[in-house]
1. Would you check if there is a residue in the range 110-126 being closer than 24 Å to Lys221 by Cα, surrounded by fewer than 18 Cβ atoms within 10 Å (Cβ to Cβ), of a type in the set (D, E, K, R) and touching a residue at least 24 places away in the same chain (Cβ under 8 Å)?
2. Of all residues being free of Cβ contacts under 8 Å to residues at least 40 places away in the same chain and not aliphatic (A, V, I, L, M) in the range 64-102, which is nearest to the ligand (Cβ to nearest atom)? Just the residue, please.
3. Which residues, counting only those in the range 72-106, are within 21 Å of the chain's Cα centre (by Cα), among the aliphatic types (A, V, I, L, M) and surrounded by fewer than 24 Cβ atoms within 10 Å (Cβ to Cβ)?
4. Are there any helices (runs of 4 or more DSSP H) wholly within the range 194-257 with 2 or more residues that are surrounded by 16 or more Cβ atoms within 10 Å (Cβ to Cβ) and aliphatic (A, V, I, L, M), and if so which?
5. I'd like to check which helices (runs of 4 or more DSSP H) are fully inside the range 20-125 and have at least 2 residues that are over 18 Å from Asn190 (Cβ atoms).
6. With respect to the numbered conditions (1) hydrophobic (A, V, I, L, M, F, W, C); (2) within 16 Å of the chain's Cα centre (by Cα); (3) within 12 Å of the ligand (Cβ to nearest atom), which one is the sole condition not fulfilled by Val147?
7. All but one of (1) closer than 12 Å to Ala34 by Cα; (2) within 13 Å of the ligand (Cβ to nearest atom) hold for Val55, so report the exception by its number.
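Every number here is computed from the coordinates shown, using simple stated rules; none is lab data. Keep in mind the model is a prediction, meaning the values are calculated, not measured. Positions of Cβ are generated from backbone atoms using ideal geometry, with glycine treated the same way; all protein chains shown enter the neighbour counts.
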Amino acid sequence: MGGKVAVVTGASSGIGEATARVLSARGASVVLAARAEEKLGFLAREISAAGGRAVVVKTDVADRESVKGMVERAVGEFGSVDVLVNNAGLGLSGRVAELRPDDMRYVFDVNLLGPLNCVQEALPHMPRGGRIINVSSVVGKRAIPKVGGYCATKFALNALSDALRVEVADRGITVTSVYPGTTRTSFRDNSRRTKSEKRGWRPKGVPPEAVAEKIAGAAEKGGRDVYVTLTDRIFVAGTSLAPGLTDLVLHRFWAKD
Ligand SMILES: NC(=O)c1ccc[n+]([C@@H]2O[C@H](COP(=O)([O-])OP(=O)(O)OC[C@H]3O[C@@H](n4cnc5c(N)ncnc54)[C@H](OP(=O)(O)O)[C@@H]3O)[C@@H](O)[C@H]2O)c1
């Protein structure tokens, strides 16, 4: 990744923070984008102390002007954008019957319009090809109860990724969807909740560094669909092969109060 410039959204926490560290360790100059500027500053200092190059840009991905400013700063500082990691995202829990439209609009603004804003602003600065990596989720392949609204944002993101991949192929730009399963970050605490309902069982999950390694692999080599664990692959393959059986299992073990 030496000489490459990577923009990482949601770099203030969890998967994005770990990804910025790995990309920097592999030689990329990193643009750290999120709203929590102070946290980004700590990370930038850590990266600089380790000999890397990082710039902090306070960014709200849901705000087009903010994203425009972030990309301008990235290009001003480092000259181009070679890798865009659309990682910033937000959960939403609640049964479909109870989801509030305002919450739905907000998670779509962050999880779908956010990546779209970043792609549209970054593309003109990728004339020599590049990599776009969109962080989806295994529940963007098979929706599960109590988080249907969140799942819908990731299904929609996959659709944009699939269309974009074909549209930019001639420009030497690859588009990768990464599908993490449960990852041990602050994601659940940061999620919006429709009401104080007991949440479904959740696997222990992997550390964010495991996802970051996969994202860094995609930043180097491209690739279409990237899973983090074999269990995630089996979940997605099994649920698509046997959707009715999956409904029954989810009803039995997940949908109850
Ligand atoms: N953790 C999991 O189990 C899991 C599983 C599958 C997929 N994912 C996906 O992985 C991605 C990263 O999640 P995580 O687990 O690392 O969660 P996290 O620790 O809560 O981190 C979320 C990041 O997104 C940023 N963000 C949220 N809203 C933003 C906005 N409007 N503008 C800019 N940045 C924003 C946050 O930064 P600020 O608050 O500073 O803006 C933070 O850096 C998300 O897309 C999530 O959907 C997570």
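1. Scanning the range 110-126 turns up no residue that is closer than 24 Å to Lys221 by Cα, surrounded by fewer than 18 Cβ atoms within 10 Å (Cβ to Cβ), of a type in the set (D, E, K, R) and touching a residue at least 24 places away in the same chain (Cβ under 8 Å).
2. Ser66
3. Hits for the range 72-106 are Leu90, Met104.
4. Numbers: elements: 208-221, 230-241, 243-253.
Hits in the range 194-257: 208-221.
5. 37-49, 64-78, 114-122
6. Against the list (1) hydrophobic (A, V, I, L, M, F, W, C); (2) within 16 Å of the chain's Cα centre (by Cα); (3) within 12 Å of the ligand (Cβ to nearest atom), Val147 comes up short only on (2).
7. Condition not satisfied by Val55: (2).
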